[in-house]
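A quick write-up on the structure given underneath.
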Amino acid sequence: MRLKLRNIMLDCSVPRVMGVLNVTPDSFSDGGAYLNVERAVQRARQMLDEGASLIDVGGESTRPGASPVEEQQELDRVVPVIERLVREFDALVSIDTMKPGVMKAACAAGAALINDVNALRAPEALRVAAESGAAVCLMHMQGEPRGMQRAPHYEDVVGEVRNYLQARLSACLEAGINRESVLLDPGIGFGKTLAHNLQLMAQLQGLASTGVPLLVGVSRKSLFQHLLGRDVAERLPGSLAMAALAIWQGVAIVRAHDVAATVDAVRVAHAVREARGVLGT
C-alpha cells in the first residue's frame with residue numbers, strides 16, 4: 001500500500017510515524033512550547049532525527065473546548081515553519097487545519113498532506129485540496145472541537161465512523177482527488193467517550209481493510225486520564241501500547257508527540273506482525 005503525496009510515493013507497507021508539531025499557545029499537551037519559529041524548526045529536526053516520516057504542523061488547537069483562531073493568525077503561525085522545514089530538511093510536511101485558505105497557503109509553502117479533522121467539509125475545502133495535488137487525511141469527528149465532548153452518542157460507533165469515512169472518501173474521489181492520495185482517521189478522542197474509543201481501537205482492522213491507508217492519533221490523549229488516571233506528562237506508556245495495537249491491526253501511520261519511543265514501539269509491533277505472516281498463523 002502506498003500514499004501519493006504530490007510527486008512522492010510513500011511506501012505504507014512499512015508503518016510510519018507522524019510527528020506532532022503544534023505551533024499554538026493552547027494545545028492540550030505542548031501548547032506554547034513551539035510558538036517561536038526557531039524552536040519549532042529545532043523540534044522538527046529532532047523528530048526527523050528520531051525517525052518521523054512526516055511532520056504535522058498545526059496552528060489551531062482542536063482540543064475539547066478550544067476556541068477558534070482567525071485565519072490570518074493561523075497562517076502567521078504555520079506558513080513560516082512549513083517553508084523552513086521544506087527548504088532546510090526537504091521534509092514531508094502535513095498541515096493540520098480545517099480552513100481552506102490555510103490549506104491553500106500551506107500547500108503553496110510546500111506542505112504535501114492536508115490533515116483535516118473536519119474531513120474537508122468546509123465550503124471550498126474539497127476544491128482547494130484537489131487543486132493542490134496534496135494528499136489528504138479525512139478524520140471522523142462528531143460535532144466540533146468546542147463542544148464535541150459534551151455528550152457524544154452513537155448507536156453503533158464503529159459502523160457510523162466507517163460509513164462517515166467511506167462517504168467522505170467518495171466525496172474526495174468525486175472532487176478529483178486520487179484514491180492513492182487519501183488517508184482515513186477514525187478520530188480517537190474526537191466526539192467520543194472512553195467506551196467509544198476502546199471499541200474503535202478494538203476494531204481498527206475492519207477500518208483498515210478498505211484499501212485506503214489508516215492513520216491513528218492516540219498520543220497523550222485524555223482517554224488515558226479516564227482509563228488510567230494519568231495526567232498528560234504520564235501518558236507515554238499508554239500511548240505506546242495503543243500505537244502498537246494500532247500497527248498490529250494494519251494501521252499505516254501513527255501520529256505521535258514522543259517520536260523516538262513511538263518509532264521503537266511501531267517497529268516492534270510491525271516485526272511481530274510480519275513474523276506472524278511468515279508463520280502462517
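The values are calculated or read from the model by the stated rules, or taken from the named source; none is laboratory data. Since we're looking at a predicted model, the values are computed, not measured. Neighbour counts run over all protein chains shown; Cβ positions are idealised from the backbone, glycine included. Accessible surface areas use protein heavy atoms only, side chains included; no ligands, DNA or RNA. Shrake-Rupley method; radii C 1.70, N 1.55, O 1.52, S 1.80 Å.
Assuming charge only on the beta carbon of Lys and Arg (+1) and of Asp and Glu (-1), the dipole of the chain about its Cα centre is about 440 debye to the nearest 20.
Using a simple spin-label model with pseudo-atoms 7 Å out from Cα toward Cβ, Glu131 and Ala275 lie 5.2 nm apart. At a Cα cut-off below 25 Å, give the lysines reachable from Lys221, other chains included and same-chain residues fewer than 8 away excluded. Within reach: Lys99, Lys192.
Restricting the calculation to Cα atoms, the chain shows an Rg/Rh of 0.93 when the hydrodynamic-style radius is the Kirkwood one.
Ordered by solvent-accessible area of protein heavy atoms (1.4 Å probe), largest first, the residues Leu228, Leu3 come out as Leu228, Leu3.
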